[in-house]
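Enquirer: Got a structure here, written out as structure tokens. Questions coming.
The values are calculated or read from the model by the stated rules, or taken from the named source; none is laboratory data. These numbers were taken from a predicted model, which means no experiment stands behind them. Reconstructed Cβ throughout: ideal geometry from the backbone, glycine too, with neighbour counts over all protein chains shown. To get the accessible areas, we keep the full protein, side chains included, count just its heavy atoms, and leave off ligands, DNA and RNA. Shrake-Rupley method; radii C 1.70, N 1.55, O 1.52, S 1.80 Å.
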Amino acid sequence: MLFSYRRMMKPFNVIGTEGEIGSVSDLYFDDQRWTVRYIVADTGGLFDGKELFISPASIQGYSIEEERLHVSISEKEAKESPSPGNEPVSRQFEREFAQFYNLNPYWMGGGLWGAGMMPRDLTSEGYEGIQEIHESDSNVLSVKDVEGKELATADESFGKVKDLIVDDKSYTIRYIVADTKRWLPGGKEVLLSTDWIDDVDWAESFVRVNVTKEQIKNAPEYVKGSSIDREMETTVFKHYGKPKYWN
């Protein structure tokens, strides 16, 4: 199933093993693999108002209708878990986080999540040598930093990032929702696969996508709140003449 990032920011209440521990306030994603690595909960007056980072590996389920996200985190864990505070997410924080929750590091191994393809593949015994890991810096960014970024074809801007659509199994960001209203008379929102991204320049605030102006102009319209099923996805990929990610 695919869900809208903006829909989850209603916000969803986060329910731990002993009751509510906050509400969803942000998502952090890896901009190399376009995969959500952390859900962030605003704990309000609980736990001195800290932001609680949650791995998708801890998610037990969620309900769009009830606006609830259920996680296998106790109040004690929520209170004592590491947080980057006001600093950017660093690899040091990620190592401490993985060790605290006894998770294998998601960036170690050949899969999307460690040695596997799903968040649950991290939940085996923690990586013994995690303190000795000295790899490159983290590539994790807040999804809030992506909203409003300029979208461009090879030579022309055509819209802005309006929303992100996430796969609730692998937590891969499958689509960008592009708002073309400033570019197309009357405008519309369209889906663009993250597989089609050629270049990202966060400093210059743009994302370059490997599609044409004409394809975007004639693309199927995405209506806010509509469900994205395999039939709709097939229509989108067929329109752009791109290989499907599920084949």
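Enquirer: Residues of the stretch 72-115: accessible area per residue at 1.4 Å, in Å²?
Expert: Using a 1.4 Å probe on heavy atoms only, each residue of the stretch 72-115 averages 51 Å².
Enquirer: Here is a further query. Hey, for a label at Lys224 modelled as a point 7 Å past Cα toward Cβ, could you say which residues of the stretch 173-190 have their backbone N under 17 Å away?
Expert: 176-183, 186-190
Enquirer: Another question, then. Please report, as a whole percent, how much of the solvent-accessible surface of the stretch 142-235 comes from carbon and sulfur atoms (probe radius 1.4 Å).
Expert: So the carbon and sulfur contribution to the accessible surface is 46 percent.
Enquirer: Roll a 1.4 Å probe over the protein chains and send me the accessible area per residue for the stretch 158-207 in Å².
Expert: Per-residue accessible area for the stretch 158-207 comes out at 39 Å².
Enquirer: To continue, here is another question. With θ taken as phi - 60° and the coefficients 6.51, -1.76 and 1.60, list the Karplus ³J(HN,Hα) couplings across the stretch 42-56 in order, rounded to whole Hz; mark glycine and proline as x.
Expert: 7, 8, x, x, 7, 6, 6, x, 5, 7, 9, 8, 10, 7, x
Enquirer: Follow-up question, since we're still on this one. Could you give the length gained by full extension between Met117 and Leu46, i.e. 0.36 nm per residue of separation minus their alpha carbon distance, to one decimal place?
Expert: Length gained, Met117 through Leu46: 22.2 nm.
Enquirer: Taking the radius of gyration and the Kirkwood hydrodynamic radius from Cα positions alone, what is the Rg/Rh ratio for the stretch 100-241, to two decimal places?
Expert: My calculation puts Rg/Rh at 1.05.
Enquirer: Still on this structure, please answer the following. Translational diffusion coefficient of the stretch 178-247 at 37 °C, 0.692 mPa s, Stokes-Einstein with Kirkwood Rh over Cα pairs, in µm²/s as a whole number.
Expert: 249
Enquirer: Compute and list, largest first, the equivalent-ellipsoid semi-axes of the stretch 1-145 from the alpha carbon gyration tensor, each √(5λ) rounded to a whole angstrom.
Expert: That gives 23, 17, 15 Å for the three semi-axes.
Enquirer: On to the next question. Which value in Å is the Kirkwood Rh of the chain over different Cα pairs?
Expert: It is 19.1 Å.
Enquirer: To continue, here is another question. If I model a spin label as a point 7 Å beyond the Cα along the Cα-Cβ vector, how far apart are those points for Met9 and Thr212 in nm?
Expert: Going from the Met9 label point to the Thr212 one covers 3.4 nm.
Enquirer: Next question, about the same structure. With a Cα-only, solvent-free Debye model of the stretch 25-77, what are the log10 I(q)/I(0) values at q = 0.17, 0.18, 0.30 Å⁻¹?
Expert: -0.60, -0.67, -1.25
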